[in-house]
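Written out below as structure tokens is the structure these notes cover.
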Amino acid sequence: MPGAVAALAALATLGLPGLRGGEPAEGFDRAGAVLFGLAVAAAVTALGLGFGSAVPWWGPVGLLLVAAACASALVRVERRVPAPAIPLDLLRIPAYRAYAVATGAFMGMLVVGLTVFPRLGSARGLGPGGTAVVLSLLTVPSTVLPLVAARLARRWARPLVTGALTACAVIAAVLQVTDRPAALYVAAGAVGLCLGLTEGVPDGQALAHVPAERGGAGAALFGTARMSLETLTLSAAAGVATTFGPASALAVAGTVCLTAALLLHRSTRPGTPGPASRVPARPAGDTAER
């Protein structure tokens with residue numbers, strides 16, 4: 001089914017006009033792109049392997065050391081190049097950084113839930129129909145609630161996102177101590193509500209803290225951070241689940257959500273300096289902006 005949708009999308013692009021613009025004066029930052037890819041790949045593989053008895057401990061540890069070395073080299077490279085592939089200076093903006101982590105935590109909770117809830121339902125006696133209801137409760141709110149989320153975000157963006165992250169963490173904790181089938185319905189519905197009511201809210205709030213001339217770079221880095229954290233969360237959850245069972249995977253996602261809630265609370269509390277004006281604008285040749 002996803003392949004069919006992708007084929008339709010590909011056909012729909014055939015008639016689109018091509019846009020041609022001036023190329024950036026600087027060359028593409030290949031070193032930064034390669035180092036970032038290696039760091040994420042090594043970390044994802046290490047977390048996915050886990051530290052169970054079936055895997056020698058030195059395998060994941062070695063991969064984590066490789067990831068750390070690549071990340072360290074990435075920071076050094078990106079500080080020197082004029083047009084970095086990963087504009088790390090934007091991560092000095094506290095609110096931007098916190099909202100990027102928040103949306104990655106939400107997506108991590110979603111993908112882990114899509115993987116774990118069917119397994120929990122099967123283990124707790126839910127048939128195919130019950131599992132379908134659980135997955136619908138998890139996903140349907142994200143298609144019907146974003147308009148409501150946009151209205152709520154006008155006044156209560158920070159408490160809305162912080163509260164939803166905290167609720168996801170609490171739900172994950174509750175599922176560690178109960179095996180009642182009804183709890184799965186309630187948990188899936190509550191997580192779906194949290195995801196639906198915050199759909200797109202962290203994105204808008206994060207970019208509001210980025211200088212206007214860096215908007216393209218800010219959007220690109222935000223998407224990269226979100227997908228990277230989502231992938232790392234899913235990998236860590238898979239690694240933990242192989243040792244402690246499927247419910248523990250939700251504990252990993254819940255822990256990421258709780259961490260994101262605390263980070264957002266600290267980064268956006270009253271008195272926190274608004275850093276949009278503190279981050280220097282890059283020249284017009286910013287690769288990510290182009």
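Counting only Cα atoms, the size of region 49-149 along its three principal axes is 56, 47, 19 Å, in decreasing order. Here the 3J(HN,Hα) profile of region 164-178, calculated from phi with Karplus coefficients 6.51, -1.76 and 1.60 at θ = phi - 60°, is 5, 5, 5, 4, 4, 5, 5, 4, 4, 5, 4, 5, 7, 10, 9 Hz, Gly and Pro shown as x. Restricting the chymotrypsin sites (Phe, Trp or Tyr not before Pro) of region 83-170 to loop positions (DSSP other than H, G, I, E, B) with no more than 13 neighbouring Cβ atoms within 10 Å leaves nothing. Taking 0.36 nm per residue of sequence separation and removing the Cα-Cα distance, the Val133/Arg266 pair yields an extension gain of 44.2 nm. 3J(HN,Hα) along region 62-73: x, 5, 5, 5, 4, 4, 5, 5, 5, 5, 5, 5 Hz, from the Karplus curve 6.51 cos²θ - 1.76 cosθ + 1.60 with θ = phi - 60°, whole Hz, x for Gly and Pro. Debye-formula intensities of region 29-86, expressed as log10 I(q)/I(0) at q = 0.23, 0.24 Å⁻¹, are -0.78, -0.82 (one equal scatterer per alpha-carbon, no solvent). Here the chain was treated as a single set of alpha-carbon atoms; its pair distances binned every 10 Å from 0 give 6, 23, 31, 27, 11, 2, 0 percent.
With contacts taken as Cα pairs under 8 Å and at least 6 residues apart, the chain reaches a relative contact order of 30 percent.
Applying a 4.7 Å cutoff between beta carbons, the unpaired cysteines of the chain are Cys70, Cys194. For region 29-86, averaging the sequence separation of C-alpha pairs within contact (under 8 Å, six or more residues apart) and dividing by the residue count gives a relative contact order of 52 percent.
None of the figures in this text is laboratory data; all of them are computed from the coordinates on show. No experiment lies behind these values; they were computed from the predicted model shown. Glycine gets a Cβ as well: all are built from the backbone with ideal geometry, and neighbour counts include every protein chain shown.
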